Amino acid sequence: MEFPSELKTKLKFSNKVLALTGAGISAESGVPTFRGKEGLWKQYRAEELATPQAFSKDPKLVWEWYLWRMELISEKSPNPAHFALAELEKIKSDFFLITQNVDGLHKRSGSEKLIEIHGNIFRNRCTKCGRSSASDLTKLKQSTECGSCSSLVRPDVLWFGESYDTNLLQRAIELAADSEIVLVIGSSGAVGIPVELARIAKENGAFVIEINIDPSGYSRYADLFLQGKAGEILPNILPYFK
Ligand code: APR
């Protein structure tokens, strides 16, 4: 991949780099995406599994689905795209990563300056006392009761119809508004708020680079669209940031 010299200079000298990732970055790890041909929402109904109403109606069914996904994800590993972002964090002093993914693969690849804006599937939260704990798959399979108050725990993820954590969202907006370069990787743009972050970044002067196998809801804000797999493109463009 060859870039014009003006872009090379920008990538090399800009420090405020924000990466915004979605399910597509984990696709090459073998974690199913939500939309697209083999997406989870083709096989399952989101409103029956990923809403507060679904959980109130049938917590057992919802937990079964989350335990299945936890099991699936725990057998997978971060791919070269995750590792490239962990390396970018070391290269750029003002790097930050905002992910919509709940799979924890960014953390496992070494990213630390990270906001998991939709939560983490390997955490649970009590529906009554609010205590949040790391999830132990084996224990959860036996009991979904809170260790402190014995009420029902739920996956610590953001469901459809729920509000974003105000502090996290505020921080995400600030990061977007302040960034010089934004990398949008593997997200369809079907969820509005993350797309808003790209729009805010763009309107505040960021150079937006999208990496996706197909155009998405973010593409209208992209200054550069790099079509292809994140696990191939990101390691290839990483040297330009040094
Ligand atoms: N490299 C880059 N992009 C890819 C790859 C890949 N190897 N494979 C798939 N993609 C792209 C698809 O083209 C698509 O645009 O990843 C995107 C995946 O889109 P979604 O499945 O909609 O995932 P995402 O945008 O993260 O979904 C947002 O929706 O259901 C909710 O809460 C869930 O966080 C999730 C949110």
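The values are calculated or read from the model by the stated rules, or taken from the named source; none is laboratory data. What you see is a predicted model; the values in this text were computed from it and never measured. Note that each Cβ is placed from the backbone with ideal geometry, even for glycine, and that neighbours are counted across all protein chains shown. Remember, those area values only see protein heavy atoms, side chains included, never the ligands or the DNA or RNA. Shrake-Rupley method; radii C 1.70, N 1.55, O 1.52, S 1.80 Å.
What the table below lists for this structure:
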| read-out | value |
| --- | --- |
| Calculated [θ] (222 nm, deg cm²/dmol) that DSSP helices of n ≥ 4 give over the chain, each run adding -39,500 (n - 2.57) | -11000 deg cm²/dmol |
| Whole-number percent relative contact order across the chain, with pairs defined as alpha carbons under 8 Å at least 6 apart | 24 |
| Cut-off under 5 Å, modelled amide H: who pairs with ARG123 long-range | SER135, ASP156 |
| Cα-based convex hull, the chain, per residue volume (Å³, whole number) | 117 |
| GLU64 paired with SER5, simple spin-label distance in nm, labels 7 Å along Cα-to-beta-carbon | 6.4 |
| Solution diffusion estimate, µm²/s, Stokes-Einstein, region 14-117, Kirkwood Rh from C-alpha pairs, 37 °C, viscosity 0.692 mPa s | 220 |
| Relative contact order (%) - criterion: Cα under 8 Å, at least six apart; region: region 107-163 | 38 |
| Residue pairs, from the table LYS42/LYS229; LYS8/LYS90; LYS139/LYS229; LYS113/LYS242; LYS8/LYS92; LYS107/LYS139, whose Cα atoms sit over 26 Å apart | LYS139/LYS229 |
| Region 1-127: relative contact order as a whole-number percent, Cα under 8 Å and 6+ apart | 28 |
| Sequence of LYS202, LYS139 from largest to smallest accessible area, 1.4 Å probe | LYS139, LYS202 |
| Cβ charges +1 (Lys, Arg) and -1 (Asp, Glu), total dipole of the chain, debye | 320 |
